[in-house]
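Here the structure is laid out as structure tokens; the discussion comes afterwards.
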């Protein structure tokens with residue numbers, strides 16, 4: 001069984017027992033989070049599509065850790081002008097473990 005769920009403005013395909021990285025959530029490490037914005041569920045071929053969300057469906061997840069993602073380098077250059085700019089960025093992430101889909 002899997003579900004497509006909206007977490008922090010992004011859509012993720014989740015299954016029970018899987019671990020995913022999402023944008024930083026404000027919940028404490030070790031707490032359980034419930035997401036009710038479920039867009040689609042699939043239970044062994046029985047697909048339910050929400051309008052826009054599936055009524056009564058929820059995904060429970062456990063917060064494992066808060067961390068920072070890999071560094072992304074943004075480099076801009078204009079040839080023959082002597083212009084170059086280097087900038088870096090690291091995204092704040094939260095690691096979740098999906099416990100159940102109801």
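The values are calculated or read from the model by the stated rules, or taken from the named source; none is laboratory data. No experiment lies behind these values; they were computed from the predicted model shown. Glycine also receives a Cβ, built like all others from the backbone with ideal geometry; neighbour counts cover every protein chain displayed.
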Inset, instruction - Mind listing just one residue for me: the one in the stretch 9-27 that is touching a strand residue (DSSP E or B) at 6+ places or on another chain (Cβ under 7 Å) and in a loop (DSSP other than H, G, I, E, B) and, of those, surrounded by the fewest Cβ atoms within 10 Å (Cβ to Cβ)? - result: 17
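Look at the stretch 74-101 and say how many of its residues are assigned to a loop (DSSP other than H, G, I, E, B) and closer than 16 Å to residue 12 by Cα.
0
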Inset, instruction - Looking at (1) more than 17 Å from residue 99 (Cα to Cα); (2) under 13 Å from the mean Cα position of the chain (by Cα); (3) in contact (Cβ under 8 Å) with a residue 40 or more places away in the chain, find the lone condition where residue 11 falls short. - result: (3)
Inset, instruction - Give the stretch 31-52 a look and list any residue that's outside any strand (DSSP E or B) and under 17 Å from the mean Cα position of the chain (by Cα), or say none. - result: 31, 36, 37
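Condition check ((1) surrounded by 10 or more Cβ atoms within 10 Å (Cβ to Cβ); (2) in contact with a helix residue (DSSP H, G or I) (Cβ under 9 Å, 6 or more places away or on another chain); (3) modelled with pLDDT of 95 or more) across all residues:
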| residue | (1), (2), (3) |
| --- | --- |
| 44 | no, no, no |
| 48 | yes, no, no |
| 52 | no, no, no |
| 64 | yes, no, yes |
| 77 | yes, no, yes |
| 80 | no, no, yes |
| 88 | no, no, yes |
